[in-house]
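The values are calculated or read from the model by the stated rules, or taken from the named source; none is laboratory data. Given the structure is predicted, the values throughout are model-derived calculations rather than measurements. Note that each Cβ is placed from the backbone with ideal geometry, even for glycine, and that neighbours are counted across all protein chains shown. Note: areas computed on protein heavy atoms with side chains; ligands, DNA, RNA excluded. Shrake-Rupley method; radii C 1.70, N 1.55, O 1.52, S 1.80 Å.
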Amino acid sequence: MTREKSLKTLIVQYTPRNERSNTKKILDAFVGEIKNSDIEKLDLTKDVPDLFLEHNLDAYIHRDYLGEAISAEQKNSLAKMDRMTAQLKSADIVIVVYPMNNFSMPAVVKAWFDSVMLKGKTWDTKNGNYVGLMNGRKALTLVSSGADYENGPMVSWEHALSLANLEFQFMGYSDIRGILAGGMGSEPTRLSNLEKSIKQAKSIAQEWYSKK
Ligand SMILES: Cc1cc2nc3c(=O)[nH]c(=O)nc-3n(C[C@H](O)[C@H](O)[C@H](O)COP(=O)(O)O)c2cc1C
């Protein structure tokens with residue numbers, strides 16, 4: 001008798017305003033629709049990714065670009081990045097959740113992407129081309145912002161969701177979705193856009209977790 005492997009969902013979350021967070025409200029609606037999946041959380045306000053600095057960048061280049069043996073101390077300098085990368089690779093579905101900060105993703109979320117986008121782990125090169133190694137997996141990014149980036153003069157200022165979509169595309173994810181709830185800075189736009197985003201999030205969850 002074969003037992004079906006259960007889905008694993010990883011939630012990577014940076015919502016430091018906790019219960020007051022607009023973005024968390026969209027996440028909660030999504031999570032409410034999850035069925036038949038293990039859920040693991042990475043709270044980026046508590047488990048802060050490393051940044052590439054002199055020592056660990058050198059270790060990374062020697063290990064993953066040049067394919068050289070590195071010392072135990074160098075390995076240790078990459079341990080947190082390796083742990084976060086293994087965690088991402090263990091998940092069938094990843095949900096990344098954060099507010100827009102200065103037209104992009106908060107620095108801690110970018111540090112997480114930098115930590116998991118390791119050559120040979122989530123992407124590689126083959127015959128001079130880039131190849132993503134995360135095929136078959138799904139990614140959803142949930143973002144909220146004070147201003148509206150859907151219409152008007154600020155459309156090209158939006159780098160919070162578009163960057164995440166690009167990172168997932170580069171890693172080879174097969175199904176990439178994103179929701180940007182704009183206009184959180186003004187009422188009643190906040191409420192109507194939040195409601196619209198919550199509906200979208202629920203419908204993606206229903207699609208992804210429906211048992212066929
Ligand atoms: C440090 C900081 C930077 C922000 N930068 C932007 C920005 O560039 N563009 C924008 O539209 N809103 C910006 N905002 C507003 C937030 O993105 C918006 O209020 C969001 O809904 C907050 O999410 P939360 O309710 O989940 O905390 C910024 C807020 C903070 C605290």
Taking a threshold of 28 Å on the Cα-Cα distance, which of the pairs K25/K46; K46/K138; K110/K196; K89/K196; K121/K196; K5/K121 fall above it? K89/K196; K121/K196
In the chain, what % of DSSP beta bridges are antiparallel (nearest 5)? 15 percent
What are the ³J(HN,Hα) couplings of segment 146-163, residue after residue, when phi is run through the Karplus curve with 6.51, -1.76, 1.60 and θ = phi - 60°? Round to Hz, x for glycine and proline. x, 9, 9, 10, 8, 9, x, x, 9, 3, 7, 8, 7, 10, 7, 7, 4, 5
Does segment 126-188 come out rounded, prolate or oblate, given a ≥ b ≥ c as the square roots of the eigenvalues of its C-alpha gyration tensor, rounded meaning a/c under 1.5 and, failing that, prolate meaning a/b above b/c? prolate
Whole-number value, in Å³ per residue, for the convex hull of the alpha carbons of segment 1-125 is 152 Å³
Springs between alpha-carbon atoms under 10 Å, Gaussian network over the chain: tell me which of W123, W157, W112 tops the mean-square fluctuations. W157
Return the FRET efficiency for the residue pair K126, S71: r is the Cβ-Cβ distance, R0 is 35 Å, and the value is rounded to the nearest 0.05. 0.75
The chain: angle of helix 79-89 to the longest principal axis, Cα-based, in degrees nearest 10: 60 degrees
The chain: most fluctuating residue of L53, L191, L142 per GNM, C-alpha cutoff 10 Å: L53
Per residue, how big is the convex hull of the chain when only Cα atoms are used? Give it in Å³. 160 Å³
Under a point spin-label approximation (7 Å from Cα along Cα-to-Cβ), what is the D64-T45 distance to one decimal in nm? 2.8 nm
Protein accessible area in segment 51-106, 1.4 Å probe - carbon and sulfur %: 56 percent
On a 0 to 90° scale, report how tilted helix 22-31 is relative to the longest principal axis of the chain, with both axes built from alpha carbons and the result rounded to the nearest 10. 80 degrees
Defining a contact as two alpha carbons under 8 Å apart and six or more residues distant in sequence, what relative contact order in percent does segment 126-212 show? 33 percent
Okay, which of segment 134-156 sit inside 18 Å, backbone N to the point 7 Å along the Cα-Cβ direction of R20? 144-147
Give me the percent relative contact order of the chain, please, defined on Cα pairs under 8 angstrom at least 6 residues apart. 24 percent
For the chain, set up a Gaussian network in which alpha carbons nearer than 10 Å are linked by springs, and say which option among L42, L27, L57 fluctuates the most. L57
Per residue, how many Å² of accessible area does segment 4-90 show with a 1.4 Å probe? 57 Å²
